[in-house]
1. Across region 167-198, what is the total count of residues that are open to solvent by 40 Å² or more (accessible area, probe 1.4 Å) and either on the phi > 0 side of the Ramachandran plot or of a type in the set (Ser, Thr, Tyr) (or both)?
2. Have a look at LYS84, LYS120 and point out the one that is open to solvent by less than 50 Å² (accessible area, probe 1.4 Å) and of a type outside the set (Gly, Ala, Ser).
3. Counting just the residues of region 29-65 that are surrounded by fewer than 15 Cβ atoms within 10 Å (Cβ to Cβ), under 14 Å from ALA105 (Cα atoms) and of a type outside the set (S, T, N, Q), which one comes out farthest from the chain's Cα centre (by Cα)?
4. Residues being in contact with a helix residue (DSSP H, G or I) (Cβ under 7 Å, 6 or more places away or on another chain) and not in a strand (DSSP E or B): count how many of those fall in region 139-151.
5. What number of residues within region 154-198 are among the small types (Gly, Ala, Ser) and either farther than 17 Å from GLY132 by Cα or outside any loop (DSSP other than H, G, I, E, B) (or both)?
6. Tell me, yes or no, whether region 19-26 has at least one residue that is at pLDDT below 95 and under 23 Å from LYS194 (Cα atoms).
7. Would you mind finding the one in LEU159, LEU146 that is surrounded by 15 or more Cβ atoms within 10 Å (Cβ to Cβ) and either touching a strand residue (DSSP E or B) at 6+ places or on another chain (Cβ under 7 Å) or within 16 Å of VAL94 (Cβ to Cβ) (or both)?
Amino acid sequence: MGFLNRLFGNTPEEENKMTKLNIGIILGSTRQGRVSPQVGEWVKGIADKRGDANYEIVDIADFNLPFLGTTDGTEPGIAAWNQKLASLDGFVFVVQEYNHSITGALKNALDFAREAWNDKAAGIVSYGSTGGARAAEHLRGILGELKVADVRTHPTLSLFTDFENGSVFKPAELHLTNVTAMLDEVVKWSGALKTIRD
């Protein structure tokens, strides 16, 4: 392997990165003043210390997806969204509860892909007045239809105790255990499902 690394110019670090799973932390809100970037960065900070996969923030707002069915589907963001999802082996969804469900933006983004979701694993980190539990349950049903295996462990964050003034994310220490357990499951399941796709 060392000879091949020298031949093709890959360092051991680059080679290690190429063999690791790629896990996307998907921000499920696009509204102004959203707190999902804070939650996503917190999850990524925990995940990056593990060294067991390549983790990245995937912000659906960056893709400027139109409403499904309202255009001819040639917008570059649609192809870029599908390419990004196809490059990932698993997902962690950061989900906020809007009217007892997920955001319209997240549902739209989910619907804009099909095969790129299939046979992969996902974890869910949710927040809201009841920890975002109802949004997470709705998301689980959608993921099942997209052939995404969602893991059991589910960190739930309260707008009342984990956010200062509803806008500054200050998670309780107890959530670290749940996030770690959730990531353990996502990595194991993502690795197992990758063997189906390969």
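1. Residues that pass the stated criteria total 4.
2. Numbers: LYS84 fails: open to solvent by less than 50 Å² (accessible area, probe 1.4 Å).
Step by step, each of LYS84, LYS120 is checked, and only LYS120 is open to solvent by less than 50 Å² (accessible area, probe 1.4 Å) and of a type outside the set (Gly, Ala, Ser).
3. Across region 29-65, the extreme among qualifying residues is ARG31.
4. The number of residues fulfilling the criteria is 3.
5. So the count comes out to 5.
6. Yes; the residues of region 19-26 include at least one that is at pLDDT below 95 and under 23 Å from LYS194 (Cα atoms).
7. LEU159
The values are calculated or read from the model by the stated rules, or taken from the named source; none is laboratory data. Small disclaimer: the values here were computed from a predicted structure and weren't measured. Please note: Cβ atoms are built from the backbone with ideal geometry, for glycine as well, and neighbour counts cover all protein chains shown. Areas reflect the complete protein model, heavy atoms only, side chains present, ligands, DNA and RNA absent. Shrake-Rupley method; radii C 1.70, N 1.55, O 1.52, S 1.80 Å.
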